[in-house]
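To keep things clear, I will list the structure first and then write my remarks on it.
What follows is calculated from the coordinates using simple rules that are stated; it is not laboratory data. All values derive from a computational prediction rather than experimental measurement. Every residue, glycine as well, gets a Cβ built from its backbone with ideal geometry; the counts of neighbours run over all protein chains shown.
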Amino acid sequence: MDVRSTSLVERAASPTTTFGATAHLAALLDWLRRLLSWQIALTRETFGPLADDTYRGLYVPRAEVEILGAAPQPLPPELARLRAALAQER
């Protein structure tokens, strides 16, 4: 099996995989770390300075209400590219 041409899920399901359990778990955790980093970047892009508010989640400021009530904005090209790459790996 060519490990580079299969997704992480396919490698986990394959009984003939040469990927060790530890290496496989490390790859999954790396993918999750990159997904979370992407989500943080998207949140910062969407909410600007509000994303780093120490009290975020304890209250909803008026500026955030306006952002949430507005029509969704398209992803910036770099974030869209990164998300597509993560989706393809999955």
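Annotations for the structure displayed:
- Ordering of 54-66, 27-39, 71-83 by packing [mean C-beta count within 10 Å, highest first]: 27-39, 71-83, 54-66
- Separation in nanometres of the label points that stand 7 Å from Cα toward Cβ, at V60 and I40: 2.5
- For segment 41-81: rounded, prolate or oblate by the Cα gyration tensor [a/c cutoff 1.5]: oblate
- Once the chain from W31 to A85 is taken as fully extended at 0.36 nm per residue, the excess over their C-alpha distance is 18.4 nm.
- Phi-derived couplings, Karplus 6.51 cos²θ - 1.76 cosθ + 1.60 at θ = phi - 60°, listed residue by residue for segment 73-85: 8, x, 5, x, x, 5, 5, 5, 5, 4, 5, 5, 5 Hz, with x used for Gly and Pro.
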